[in-house]
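Below is one structure, written out as structure tokens, with a few remarks after it.
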Protein chains: 2
Amino acid sequence: MGLLEEIKEQPEALSRTISKGRDVFVEVAQRVAGCTHVVIAARGTSDNAARYAQYVWGMRNGLTVALATPSLFTLYGRPPRLEGALVLGISQSGQSPDIVSVLEEGRAQGRPTVAITNEPGSPLAQAADVVVPLHSGPETAVAATKTYTAQLAVIASISEALLGRHDTLDQLPELASDALGRDDMARSTAQAMSGFEHAAVLGRGFNLSTAFEWALKMQELSYVVAQPFSTADFLHGPIAVVDRGYPVLGVIAEGPTDSDVIAALQRASERGAPTVLITNSSKPDPPDGGVMRFASGVEEWLTPIPAIVVGQLFTHWLAVDQGNDPDNPRGLSKVTRTT
Amino acid sequence: MGLLEEIKEQPEALSRTISKGRDVFVEVAQRVAGCTHVVIAARGTSDNAARYAQYVWGMRNGLTVALATPSLFTLYGRPPRLEGALVLGISQSGQSPDIVSVLEEGRAQGRPTVAITNEPGSPLAQAADVVVPLHSGPETAVAATKTYTAQLAVIASISEALLGRHDTLDQLPELASDALGRDDMARSTAQAMSGFEHAAVLGRGFNLSTAFEWALKMQELSYVVAQPFSTADFLHGPIAVVDRGYPVLGVIAEGPTDSDVIAALQRASERGAPTVLITNSSKPDPPDGGVMRFASGVEEWLTPIPAIVVGQLFTHWLAVDQGNDPDNPRGLSKVTRTT
């Protein structure tokens with residue numbers, strides 16, 4: 001199956017993730033409840049899902065979420081104390097030795113360990129007390145798409161389970177489906193931006209994860225040097241690189257951070273930068289340039305799913321327009337093993 | 001005073017930071033001792049110092065270090081529980097409202113709060129139980145240099161104080177001085193690389209912070225689209241952007257991670273990418289390209305100071321060669337206030 005098919009399969013895959021996972025979400029929530037914080041080990045796309053967890057679990061469930069520094073556990077062999085922590089590994093393949101090592105250390109220190117993976121028989125799953133399978137079906141394209149939105153859905157579901165709620169996420173497949181219906185818009189926006197070689201990608205809050213994941217897809221599929229930033233970090237230095245011809249992309253939903261990101265795009269636009277925005281916000285005026293809208297009226301914490309679906313479609317068409325094969329990006333293989 | 005003067009002032013500034021701070025390092029260590037983990041709020045250059053703390057305190061002192069997500073505290077007004085945490089803010093100016101908010105929330109939750117700042121009268125300092133002044137003297141260049149190495153020295157000193165040791169860091173000014181003596185090498189390497197517009201910057205472990213800070217200096221001063229990566233993250237996707245003409249830079253000291261970074265540079269070099277390496281390692285053969293060496297035989301955890309000094313000199317000359325004014329980068333001001 002090719003990348004575009006896997007992108008389009010997401011509503012169905014999300015339905016499976018949510019419905020089949022119900023019991024295990026509750027089980028994870030019970031383990032989390034006894035902890036003061038969560039330490040997450042992940043790489044690449046899965047690390048972007050971890051960023052989403054920082055915001056969702058931080059804001060809705062009051063949890064401090066730390067992203068692990070795997071080399072402490074592997075190359076240096078000097079892991080920190082994990083007292084008070086639930087240790088979570090996220091990996092599509094469950095294969096990367098560095099991520100497995102963090103869970104093994106968590107277990108050695110007597111901490112609860114959880115794996116979110118598409119491969120329930122993987123080494124990562126074996127190192128975990130609780131395994132949350134993604135139920136995404138085989139993902140064969142090198143660039144992860146449906147397993148990313150499944151990881152987000154799992155994180156959202158655990159947040160709901162921590163609040164004692166269930167069935168509230170049944171709208172996720174429909175949100176993904178609505179976003180897929182905006183393919184023509186994504187395609188025409190990508191055509192207008194074809195040929196750009198680098199870009200900054202801004203986000204904040206819940207959609208900081210989307211900015212990171214959209215940038216990673218552009219790197220993998222279109223070889224665009226796309227660098228993601230929190231808007232606040234961007235203004236503390238990197239904005240200096242923006243000049244005529246340096247595109248600035250943004251992704252932000254209706255909510256407390258939308259003005260922030262749109263103002264940064266406006267500032268870049270005034271300096272002559274082309275801009276592209278994925279949003280469902282109508283509050284501020286976005287700058288001239290490509291605006292790709294998804295459904296409004298969605299609770300902000302759930303918007304990273306429809307927002308990245310639009311970003312995936314955009315990136316797929318950008319790769320095609322630039323003459324690249326989105327199913328076989330150069331220099332990458334599906335499973336990357338790092339230590 | 002200009003940027004180059006501030007770069008050259010670092011040995012003297014570091015002496016002040018270390019000698020004047022002795023008592024306060026012990027006081028911070030006492031506060032840390034009662035906590036299970038540390039939450040750090042910082043932006044830009046100070047956030048790169050926070051990355052150094054993740055490795056130094058994680059590896060040498062067994063502490064889990066989480067980087068805060070300030071928008072939870074500000075724009076969203078939904079801060080996480082900070083139970084068990086010491087809350088630390090790092091900021092040269094002590095002015096940015098988002099960083100101040102994180103400390104204020106820490107105090108409201110009854111947690112110990114610490115500020116590392118060059119401005120002991122700043123709002124950040126006022127929100128902290130313990131203030132660690134950098135004693136760097138006024139920093140007038142927009143791009144931070146001497147306050148960054150001072151922040152690293154403070155973090156290293158607190159690590160030593162946690163181990164009950166003092167006076168062991170007296171070698172830092174000499175390390176900085178030795179690195180400054182390598183100015184000709186930095187200048188000629190910069191000349192050879194002049195004209196490049198983008199780059200990946202790889203590091204790992206202790207020097208991941210150096211990769212991030214070197215990339216930020218290049219963005220600020222030379223408008224190079226320099227994107228920092230952990231080598232492991234780079235191999236999980238972004239390596240796809242590397243092709244003939246896309247430079248890959250690396251910074252790594254002698255130690256368990258040197259082979260890892262140098263192998264990634266070799267892989268990039270085989271694909272036709274120009275490479276530049278800052279290192280003191282002689283173990284593996286670095287790829288052809290610019291190699292800037294600093295003193296060998298230094299304990300790895302202290303190398304981020306001499307390594308970034310070489311990176312600062314390189315970046316200064318790169319900016320000059322490209323006809324930019326390193327004292328007045330476009331679009332930036334010394335104090336950035338974000339919420």
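Taking the conditions exactly as written (away from chain A (no Cβ under 11 Å), surrounded by fewer than 24 Cβ atoms within 10 Å (Cβ to Cβ) and touching a residue at least 12 places away in the same chain (Cβ under 8 Å)), does B:Arg182 satisfy them or not?
Criteria met by B:Arg182.
Residues that are more than 10 Å from chain B (Cβ to nearest Cβ) and in contact (Cβ under 8 Å) with a residue 40 or more places away in the chain: list the strands (runs of 3 or more DSSP E) wholly contained in the stretch A:54-122 that include at least 1 such residues.
A:85-91, A:113-117
Is at least one residue of the stretch B:276-291 at the interface with chain A (Cβ under 8 Å from one of its Cβ atoms) and either in contact with a Leu (Cβ under 6 Å, 6 or more places away or on another chain) or touching a residue at least 12 places away in the same chain (Cβ under 8 Å) (or both)?
No, because not a single residue in the stretch B:276-291 is at the interface with chain A (Cβ under 8 Å from one of its Cβ atoms) and either in contact with a Leu (Cβ under 6 Å, 6 or more places away or on another chain) or touching a residue at least 12 places away in the same chain (Cβ under 8 Å) (or both).
Can you pull out the helices (runs of 4 or more DSSP H) entirely within the stretch B:218-333 that have at least 2 residues that are over 30 Å from A:Ile239 (Cα atoms)?
So the answer is B:258-270.
Among the residues of the stretch A:3-53, write down those that are of a type in the set (Ser, Thr, Tyr), more than 22 Å from A:Glu174 (Cα to Cα) and in a helix (DSSP H, G or I).
A:Thr45, A:Ser46
Would you mind stating whether A:Val26 is more than 10 Å from chain B (Cβ to nearest Cβ) and under 24 Å from A:Ser136 (Cβ atoms)?
So A:Val26 fits the description; yes.
If you go through the stretch B:80-101, how many residues are more than 18 Å from B:Thr36 (Cβ to Cβ) and not small (Gly, Ala, Ser)?
7
Here are A:Gly84, A:Gly94, A:Gly106: which of them is within 19 Å of B:Gln54 (Cβ to Cβ) and open to solvent by less than 10 Å² (accessible area, probe 1.4 Å)?
The match here is A:Gly106.
State whether one or more residues within the stretch B:249-267 are open to solvent by 10 Å² or more (accessible area, probe 1.4 Å), modelled with pLDDT of 90 or more and at positive phi.
For the stretch B:249-267, residues open to solvent by 10 Å² or more (accessible area, probe 1.4 Å), modelled with pLDDT of 90 or more and at positive phi: present.
Would you mention how many residues in the stretch A:130-161 are part of a helix (DSSP H, G or I) and under 21 Å from A:Val298 (Cβ atoms)?
Matching residues across the stretch A:130-161 total 15.
Is one or more of the residues making up the stretch A:166-186 within 17 Å of the chain's Cα centre (by Cα), of a type in the set (Val, Ile, Thr) and more than 30 Å from B:Val225 (Cβ to Cβ)?
Within the stretch A:166-186, none of the residues are within 17 Å of the chain's Cα centre (by Cα), of a type in the set (Val, Ile, Thr) and more than 30 Å from B:Val225 (Cβ to Cβ).
Taking the stretch B:232-248 as the search range and keeping residues that are more than 17 Å from B:Met292 (Cβ to Cβ) and more than 8 Å from chain A (Cβ to nearest Cβ), which one is modelled with the lowest pLDDT?
Checked the stretch B:232-248; the qualifying residue modelled with the lowest pLDDT is B:Arg244.
Hey, can you tell me all the residues within the stretch B:186-217 that are open to solvent by less than 10 Å² (accessible area, probe 1.4 Å) and either assigned to a strand (DSSP E or B) or polar (S, T, N, Q) (or both)?
B:Ala199, B:Ala200, B:Val201, B:Leu202, B:Gly203, B:Asn207, B:Ser209, B:Thr210
Can you go through A:Ala211, A:Ala253, A:Ala200 and tell me which one is among the small types (Gly, Ala, Ser) and within 11 Å of chain B (Cβ to nearest Cβ)?
Selected residue: A:Ala200, the only one of A:Ala211, A:Ala253, A:Ala200 that is among the small types (Gly, Ala, Ser) and within 11 Å of chain B (Cβ to nearest Cβ).
The values are calculated or read from the model by the stated rules, or taken from the named source; none is laboratory data. These figures come from a predicted structure and were not determined experimentally. Neighbour counts are summed over all protein chains in view; Cβ atoms, including those assigned to glycine, are modelled from backbone coordinates with ideal geometry. Accessible surface is based on the protein model in full, side chains and every heavy atom, while ligands, DNA and RNA are left aside. Shrake-Rupley method; radii C 1.70, N 1.55, O 1.52, S 1.80 Å.
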